[in-house]
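Peer 1: Okay, here's the structure, questions in a sec.
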Amino acid sequence: MRKFLFLAIILLTLTACSQEVETSTYEKIHEKLMSMESFSYNAEVKYISNKGETEYEVNILGKSTGEYKMETISPKSAEGSIILFDGKMIWQYNPKIDGKISSESSDKQARSEILISSFVENYIKTKDGAVKSGSFDESKCTVLEAEINGKSKIFSQEKLWVDNDTLIPIKLEIYDNEQKTRAVVVFKDFKYNPNIPENTFKKTF
């Protein structure tokens with residue numbers, strides 16, 4: 001009986017310690033994301049539809065207030081294309097097309113949702129957002145889940161994998177309302193709060 005009681009106490013203690021570690025990791029990740037004012041990263045982006053898959057590689061600079069600059073690295077057909085949001089207008093520059101510059105008053109969801117700032121905004125607004133443990137490659141991660149605002153059937157929910165040691169986002173997956181994966185973003189060279197020149201989000205092309 002005493003041996004059983006002793007083992008039970010040890011198990012309870014270990015469980016409590018494990019929960020404390022997980023809570024501490026989540027709190028660090030939460031604080032890091034909430035204190036993010038700007039960001040930069042390279043992203044491998046895969047869009048998945050009923051017609052197949054489309055892959056891009058892009059470089060992104062952005063602010064938590066919404067401004068961003070996205071430059072396409074690949075595929076070759078889109079290389080050098082730049083999308084710029086200055087807080088009011090979307091500007092697009094394509095060096096391979098006559099006219100080169102176009103503008104829009106609103107962003108496309110398929111593009112804006114691959115921004116880490118969009119995930120943070122959705123996560124803040126999600127009630128009872130789930131937090132789980134997971135892994136990606138060899139990294140132990142915390143997985144944050146969020147609902148995507150709006151009534152889109154294609155982009156309905158999303159999950160963000162964050163490395164427990166570095167607190168850096170490493171993967172984002174976006175799902176439709178039937179839980180099918182519609183987009184996968186793998187982050188590389190992610191930086192929190194980099195120094196971004198003042199004119200970065202102003203149209204200069």
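Peer 1: Lys153: which lysines have alpha carbons under 30 Å from its alpha carbon, excluding same-chain residues fewer than 8 sequence positions away?
Peer 2: Here the lysines satisfying the reach criterion relative to Lys153 are Lys46, Lys51, Lys63, Lys69, Lys88, Lys108, Lys125, Lys127, Lys132, Lys171, Lys180, Lys188.
Peer 1: For Thr126, list long-range residues whose amide hydrogen, built 1.01 Å from N in the peptide plane, is under 5 Å from its own amide hydrogen.
Peer 2: So Thr126 has HN proximity to Glu147.
Peer 1: Using θ = phi - 60° and the Karplus curve 6.51 cos²θ - 1.76 cosθ + 1.60, what whole-Hz ³J(HN,Hα) does each residue of region 62-68 get, with Gly and Pro shown as x?
Peer 2: x, 10, 5, 7, x, 5, 7
Peer 1: Select from region 60-102 those trypsin sites (Lys or Arg not before Pro) which occupy a DSSP coil region and have at most 14 other Cβ atoms within 10 Å, ordered by residue number. All intermediate terms of the calculation are to be shown ahead of the outcome.
Peer 2: On the way: sites: Lys63, Lys69, Lys76, Lys88, Lys96, Lys100; in loops: Lys88, Lys96, Lys100.
Answer in residue order: Lys88, Lys96, Lys100.
Peer 1: Enumerate the amide H contacts of Arg182 below 5 Å, restricted to partners 5 or more residues apart or on another chain; note that Pro and chain-start residues carry no placed amide H.
Peer 2: Here the answer is Ile174, Tyr175, Asp176, since their amide H atoms fall under 5 Å of that of Arg182.
Peer 1: Kirkwood Rh over Cα pairs of region 75-130 into Stokes-Einstein at 10 °C, 1.306 mPa s: D in µm²/s?
Peer 2: Working: Rh = 13.3 Å.
My calculation gives 119 µm²/s for D.
Peer 1: Let me ask something else. Rounded, prolate or oblate: which fits region 104-205, taking a ≥ b ≥ c as square roots of the Cα gyration tensor eigenvalues, rounded meaning a/c under 1.5, else prolate when a/b beats b/c? Can you show the working numbers first?
Peer 2: Working: a/c = 1.96, a/b = 1.15, b/c = 1.70.
It comes out oblate by the Cα gyration axes.
Peer 1: Let me ask something else about it. Under a crude label model (7 Å from the Cα following the beta-carbon direction), how far is Glu44 from Thr200 in nanometres?
Peer 2: Computed distance between label sites Glu44 and Thr200 equals 2.4 nm.
Peer 1: Distance in nm between label sites at Asn193 and Lys153, each 7 Å beyond Cα in the beta-carbon direction?
Peer 2: The answer from the label model is 4.4 nm.
Bear in mind that the values in this text are calculations on the coordinates, not laboratory data. Keep in mind the model is a prediction, meaning the values are calculated, not measured. Cβ sites come from the backbone with ideal geometry, for glycine too, and all protein chains shown count toward neighbours.
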